[in-house]
Protein chains: 2
Amino acid sequence: MLAAERLNATFAALADPTRRAILARLAAGETPVTELARPFRMSLPAISKHLKVLQRAGLIARGRRAQWRPCTLEAAPLKEANDWIAHYRRFWEGSFDRLEEYLHQLQSKENKNAPRK
Amino acid sequence: MLAAERLNATFAALADPTRRAILARLAAGETPVTELARPFRMSLPAISKHLKVLQRAGLIARGRRAQWRPCTLEAAPLKEANDWIAHYRRFWEGSFDRLEEYLHQLQSKENKNAPRK
């Protein structure tokens, strides 16, 4: 898969709250599929569909141990997504910087206008 | 919009290479729609659809100046996406740590087995 295709698959996989919740659950450790399904009030086939999307994006790996096929989190695609978003960091940090600057200006104006004791 | 819905919209918007390229272009400054369309060999209606997805996700704002309605990047949703992904940082950093540890072990084994000069 090309980097662009991997990003497509990763972001598409993350665009669903159930899939994000599954990853959050797996962050606590490998989990059998039946246990993953429990909190979502979803059928096993519905959960299996979500797991397939996550697996195709490389976000989870599934064990081969016959009975419970545990799922584990795979973080490499998250790192790639993080790296892509990080290019835009200056935009959100920039806006906080500007806010901070503005608050400083307000404060120094207030200090000037305050009656001297 | 709830935080979960905002994340759904943001990640879905980022799951397309054209939309990511539009954001990359806007990172260089506000841009008229006609100029955004140029590098993609896409019709204006096709680009407009992408812009609508980005706008619904709050990732761009569109000016109201009649002739060229410039688009600007809005970084707040990227910050939220970044914050979500950041929870998993220890997983990818952890795996590099483990790799590093493994390489150290290999190296010290090699040093042991190396013939003394």
- [ ] Kindly indicate whether A:Pro39 is surrounded by 18 or more Cβ atoms within 10 Å (Cβ to Cβ), modelled with pLDDT of 85 or more and either under 30 Å from B:Leu73 (Cβ atoms) or in contact with a helix residue (DSSP H, G or I) (Cβ under 8 Å, 6 or more places away or on another chain) (or both).
- [x] no
- [ ] Restricting attention to region A:1-26, report how many residues are surrounded by 13 or more Cβ atoms within 10 Å (Cβ to Cβ) and touching a residue at least 24 places away in the same chain (Cβ under 8 Å).
- [x] 14
TODO: Determine if region B:46-58 includes at least one residue that is among the charged types (D, E, K, R), assigned to a helix (DSSP H, G or I), surrounded by fewer than 18 Cβ atoms within 10 Å (Cβ to Cβ) and more than 14 Å from every other protein chain (Cβ to nearest Cβ).
DONE: yes
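So, in region A:27-36, how many residues would count as being within 14 Å of chain B (Cβ to nearest Cβ) and open to solvent by 30 Å² or more (accessible area, probe 1.4 Å)? Walk me through it before giving the result.
Filtering region A:27-36 for residues within 14 Å of chain B (Cβ to nearest Cβ) gives A:27-30.
If we keep only those that are open to solvent by 30 Å² or more (accessible area, probe 1.4 Å) too, we end up with A:28, A:30.
Qualifying residue count for the region: 2.
In region A:62-81, what count of residues is obtained for those that are surrounded by 15 or more Cβ atoms within 10 Å (Cβ to Cβ) and either of a type outside the set (D, E, K, R) or part of a loop (DSSP other than H, G, I, E, B) (or both)? So that I can check it myself, show each step before the final result.
In the first step, residues of region A:62-81 are kept if they are surrounded by 15 or more Cβ atoms within 10 Å (Cβ to Cβ); the result is A:62, A:70-71, A:73-75, A:77-81.
From the residues that got through so far, the ones that are either of a type outside the set (D, E, K, R) or part of a loop (DSSP other than H, G, I, E, B) (or both) too are A:70-71, A:73-75, A:77-78, A:81.
Total meeting the criteria: 8.
The values are calculated or read from the model by the stated rules, or taken from the named source; none is laboratory data. In this text, all values refer to a predicted model and were calculated from it rather than measured experimentally. Quick reminder, even Gly has a Cβ in these numbers, built from the backbone with ideal geometry, and neighbours come from all protein chains shown. Accessible surface areas use protein heavy atoms only, side chains included; no ligands, DNA or RNA. Shrake-Rupley method; radii C 1.70, N 1.55, O 1.52, S 1.80 Å.
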